[in-house]
Amino acid sequence: MDSQYQLYIGGKWVDSKNRFEVRNPANGQVLASVPDADVSQMAQAIESAVQVERYWAQRPAQERSRILMDASRLMRERKEELAKILTSEEGKPLTEARGEILYAASFLDWFAEEGKRIYGDTIPANSPDKRILVFKQPVGVCLAITPWNFPSAMITRKLGPALAAGCPVIVKPSELTPLSALEIAKIFEEAGLPQGVLSIIVGRDAAGLTEVAMEDPRVRKISFTGSTEVGKHLMQQAASTVKRVSLELGGHAPFIVFPDADLDQAVKQAVVAKMRGMGETCVAANRFYVHEKIMESFAEKMASHFRSMKVGNGLEAEVQVGPLVNKETLEKVERHVEDAVNNGAIVVTGGRRAEIPGGYFYEPTVLTHTDDSMILSREETFGPVAPLFSFCSEREVIEKANQTPSGLAAYFFTRDVGRVFRLSEQLDYGILGANDGLPSTAQAPFGGMKESGLGREGSKYGLEEYLEIKYISLGGIQGKSD
Ligand code: SIN
């Protein structure tokens with residue numbers, strides 16, 4: 001990790017007038033200083049992207065693929081170093097950070113291959129002297145706004161398809177985790193990405209920087225991962241120049257356990273679905289619906305897993321639960337638990353800050369006797385808290401699970417195949433983990449329904465988000481043959 005970073009604009013490393021410090025959420029230590037970009041630097045990044053737009057669109061797919069493959073290889077080769085940087089700025093334990101680097105590289109691999117398969121169509125025409133040919137082209141300059149909870153993977157999940165499709169991209173990472181983003185710029189520079197195709201704009205004036213891009217008609221697409229509130233605002237801003245919009249927004253995932261489930265397997269997967277990234281993921285299980293017949297044993301097994309998890313600085317070996325990313329996140333978790341307890345919830349384990357000085361630590365928490373009056377039944381907690389709600393019928397639990405404006409991920413555990421299909425069809429969620437607490441993978445279409453977002457990332461569908469469809473109606477075909 002460097003102690004001083006620069007911005008990457010139009011293929012050059014540059015400074016800004018101001019700088020700010022990036023801190024480790026485990027102990028508050030300063031990790032590095034980064035430039036605080038101003039709006040003129042966002043404008044420069046757009047200008048550079050526009051200059052190179054046609055050139056990049058016309059490169060053969062194989063050439064773009066090679067660059068993505070090289071970038072992926074470099075990421076894997078530097079896994080250890082990148083993981084340490086990621087853990088230091090975000091907090092997640094090193095083993096998870098290593099996993100995220102591989103997850104990030106997997107999007108580059110996937111789209112390096114998919115980009116070679118951007119096929120067109122021919123369509124029977126409406127007249128004998130015409131032919132209709134459909135082809136696809138890159139949408140153009142893209143803005144990618146990425147979150148702090150996956151500082152590497154959420155960048156490559158956007159960068160992979162955009163670059164494979166032939167779009168230049170400006171990445172605006174979270175100001176909490178800019179170091180991983182700038183390391184990705186180094187990797188692409190080394191992999192031979194032409195100057196101007198990628199810029200990384202780090203800055204604290206998120207609204208101002210974004211506005212420049214949102215108002216520029218030459219930016220044709222925005223892809224955002226973050227809060228529903230900001231996503232709605234971006235959608236409104238995009239309307240003025242009718243940009244393509246992809247949004248991966250908040251979730252409020254139900255995790256349903258039926259009495260016929262393999263209980264040990266369900267508990268194991270519940271721990272993954274809840275505790276990955278300390279619960280700070282959009283797909284985190286946020287409401288556990290456990291059938292009344294198995295509530296007691298499920299709660300005890302889950303609490304015993306949680307009690308065994310070591311909380312601490314993610315860089316330390318054996319740590320499984322790192323700090324939350326900042327004070328606001330920690331305070332929100334506290335507020336949710338406090339409200340639940342004041343309204344009758346019982347703390348089976350956790351329920352308070354972990355006593356580790358200097359960082360934003362919260363103990364893995366299991367609550368029972370929770371009900372719909374509590375904030376955590378309605379809002380995403382984004383922390384290591386598992387509230388267990390009791391249910392008694394399939395119909396009732398489907399209704400409860402769907403009682404939210406969110407629709408990102410839902411999980412359910414049962415051995416009944418008929419029930420797997422009934423739930424899959426009736427739950428209003430884009431991602432369904434049937435006996436699976438970790439459904440995310442590069443080849444699957446990640447994305448939500450309702451207020452959880454628009455569009456899909458990863459998979460063959462993710463590439464379509466960066467492509468325009470055109471057709472040629474070719475006339476005058478039936479001339480005389482010689
Ligand atoms: C997210 O929480 O936004 C992403 C999680 C994932 O890719 O699994």
The lone condition S473 fails out of (1) within 14 Å of the ligand (Cβ to nearest atom); (2) among the hydroxyl-bearing types (S, T, Y); (3) surrounded by fewer than 23 Cβ atoms within 10 Å (Cβ to Cβ) is (1)
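Okay, residues lined up against (1) surrounded by fewer than 21 Cβ atoms within 10 Å (Cβ to Cβ); (2) farther than 16 Å from V171 by Cβ:
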| position | (1), (2) |
| --- | --- |
| S48 | no, no |
| Y55 | yes, yes |
| R59 | yes, yes |
| G91 | no, yes |
- Task: Would you check if there is a residue in region 421-444 being free of Cβ contacts under 8 Å to residues at least 24 places away in the same chain and under 14 Å from E248 (Cα atoms)?
- Result: no
Of the residues in region 240-274, those that are under 24 Å from the mean Cα position of the chain (by Cα), free of Cβ contacts under 8 Å to residues at least 60 places away in the same chain and surrounded by fewer than 22 Cβ atoms within 10 Å (Cβ to Cβ) come to V242
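A quick yes/no check of all residues on (1) under 17 Å from A299 (Cα atoms); (2) touching a residue at least 24 places away in the same chain (Cβ under 8 Å):
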| residue | (1), (2) |
| --- | --- |
| Q320 | no, yes |
| V325 | no, yes |
| V341 | yes, yes |
| V348 | yes, yes |
| L376 | no, yes |
| E396 | no, no |
Checklist line | Test: residue in region 278-285 that is more than 15 Å from the ligand (Cβ to nearest atom), part of a loop (DSSP other than H, G, I, E, B), out of contact with any His (no Cβ under 6 Å at 6 or more places or on another chain) and not hydrophobic (A, V, I, L, M, F, W, C) | finding: no
Result of the Cβ filter at 6 Å on region 275-293, keeping first residues that are closer than 21 Å to S308 by Cα and not assigned by TED's automatic domain parsing to the domain that holds T228 and partners that are within 12 Å of the ligand (Cβ to nearest atom) and not aliphatic (A, V, I, L, M), at least 6 apart or interchain, is G277/K92; G277/N149; E280/N149; E280/F382; N286/E380
Just a yes or no: is a residue in region 322-329 under 22 Å from K268 (Cα atoms), over 23 Å from the mean Cα position of the chain (by Cα) and either modelled with pLDDT of 95 or more or within 16 Å of the ligand (Cβ to nearest atom) (or both)? no
Of all strands (runs of 3 or more DSSP E) fully inside region 181-268, the set with 3 or more residues that are within 16 Å of the ligand (Cβ to nearest atom) and under 13 Å from L143 (Cα atoms) is 219-225
- prompt: Is there a residue in region 118-139 that is touching a helix residue (DSSP H, G or I) at 6+ places or on another chain (Cβ under 7 Å), buried (at least 22 other Cβ atoms within 10 Å of the Cβ) and at pLDDT 95 or above?
  reply: yes
Only one of P138, P173, P168, P161 is without any contact (Cβ under 8 Å) to a residue 40 or more places away in the chain and in contact with a strand residue (DSSP E or B) (Cβ under 8 Å, 6 or more places away or on another chain), namely P173
Checked region 9-46 for anything assigned to a helix (DSSP H, G or I) and within 27 Å of the chain's Cα centre (by Cα); matches are V39, Q41, M42, A43, Q44, A45, I46
Among R415, R378, the single one that is basic (K, R) and under 28 Å from Q320 (Cα atoms) is R378
Residues in region 435-453: is at least one in contact with a strand residue (DSSP E or B) (Cβ under 8 Å, 6 or more places away or on another chain), of a type in the set (F, W, Y), within 16 Å of the ligand (Cβ to nearest atom) and farther than 25 Å from V242 by Cα?
no
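Yes or no, residue by residue, for (1) within 16 Å of E457 (Cβ to Cβ); (2) of a type in the set (A, V, I, L, M):
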{"position": "I118", "(1), (2)": "no, yes"}
{"position": "D121", "(1), (2)": "no, no"}
{"position": "K158", "(1), (2)": "yes, no"}
{"position": "A165", "(1), (2)": "yes, yes"}
{"position": "V171", "(1), (2)": "yes, yes"}
{"position": "K186", "(1), (2)": "no, no"}
Considering only helices (runs of 4 or more DSSP H) wholly within region 375-482, the ones with at least 1 residues that are under 23 Å from G160 (Cβ atoms), touching an Asp or Glu at 6+ places or on another chain (Cβ under 9 Å) and modelled with pLDDT of 95 or more are 459-464
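The values are calculated or read from the model by the stated rules, or taken from the named source; none is laboratory data. This is a predicted model, so every value here is computed, not measured. In this analysis, Cβ positions are derived from the backbone assuming ideal geometry, glycine residues included, and neighbour counts consider all displayed protein chains.
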